[in-house]
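Student: The structure follows.
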Amino acid sequence: MNDELILVEPTMEYDRQIQAYRKEFLTFGGSMDGCGSLRRFENTQDWLDQVEALKRPETTPPDLVPMTQYLYVRLPERKVIGVIQIRHCFNDILEKYAGHIGYSVAPSERRKGYATRMLHLVLPECRKLGLERILVCCLEGNEGSRKVILSNGGVYESTVYWPERNVELERYWIDTTAAE
């Protein structure tokens, strides 16, 4: 992997690439974890407006928490390879089932190590938000996601059942102060 990859906050500068990422998921299926409501927004600006509102507690709806959204972009073609989101704090659902981080990688770009590097790059951003430990969850049996988490220092805590989604989730904690 000799490509230059960067984390950037989403802007309209990436409109075409964001919509291509969205379309790939809608075409091939899969969970768009860490994308917020991108799946339902045909207009990138509408999604960006939501992303911007969710950055600050005063503009975050009461049922959600403040979060910061990033695109994982491969240069020079500026292709959106992945999307990752930091949730600044917990509500009841996040604390039990989702954690501080949500992420996904485009189906065409999986199994290339991108998710591991993307999670690694976001850990300093977590520290800047005052998060010394973060909770990251994955579906039980999702070997790829488990490896991503473990490669970034994840320490297994427990497996919990989420009745609303009928799934078992593995919970891991990562010490952000130990990350380089």
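Read-outs: derived from the displayed coordinates by stated rules, not from any lab. Everything numeric in this text was worked out from a predicted model, so none of it was measured. No Cβ is skipped: glycine too gets one built from the backbone with ideal geometry, and neighbour counts run over all protein chains shown.
Student: Looking at the chain as a GNM with Cα springs under 10 Å, which of Ile84, Ile134, Ile93 has the largest mean-square fluctuation?
Tutor: Ile93
Student: Here is a follow-up. For Arg133, which sequence-distant residues (separation of 5 or more, or a different chain) have an amide H within less than 5 Å of its own amide H, given hydrogens modelled in the peptide plane?
Tutor: Thr176
Student: What ³J(HN,Hα) values, in whole Hz, does the Karplus curve 6.51 cos²θ - 1.76 cosθ + 1.60 give for segment 114-121 when θ = phi - 60°, with x put for Gly and Pro?
Tutor: After applying 6.51 cos²θ - 1.76 cosθ + 1.60, I find 5, 5, 4, 5, 4, 5, 4, 5 Hz.
Student: Moving on to the next point. From the backbone phi of segment 125-131, what are the Karplus-calculated ³J(HN,Hα) couplings (6.51 cos²θ - 1.76 cosθ + 1.60, θ = phi - 60°) in whole Hz, Gly and Pro given as x?
Tutor: My calculation for segment 125-131 gives 5, 4, 4, 4, 7, x, 8 Hz in order.
Student: Rank by packing, highest mean first: peptides 32-43, 115-126, 159-170, with packing defined as the count of other Cβ atoms within 10 Å averaged across residues.
Tutor: 115-126, 32-43, 159-170
Student: I'd like the distance between the alpha-carbon centres of segment 121-164 and segment 5-79, rounded to an integer number of Å.
Tutor: Their Cα centres are 20 Å away from one another.
Student: Could you please report the charge total around Arg165, scoring K, R as +1 and D, E as -1 over all other residues with beta-carbon less than 13 angstrom from its beta-carbon?
Tutor: Around Arg165, the charge tally is -3.
Student: So, one more: List every residue whose amide H lies under 5 Å from the amide H of Ile81, counting only residues 5 or more places away in sequence or on a different chain, with H placed 1.01 Å from N in the peptide plane.
Tutor: Tyr72, Val73, Arg74
Student: Over the chain, what is the relative contact order in whole percent, taking alpha-carbon pairs under 8 Å and six or more residues apart?
Tutor: Averaging sequence separation for qualifying contacts and normalising by length gives 19 percent for the chain.
Student: What does the highest-first list of 12-22, 99-109 look like by mean Cβ count within 10 Å?
Tutor: Top of the packing list down: 99-109, 12-22.
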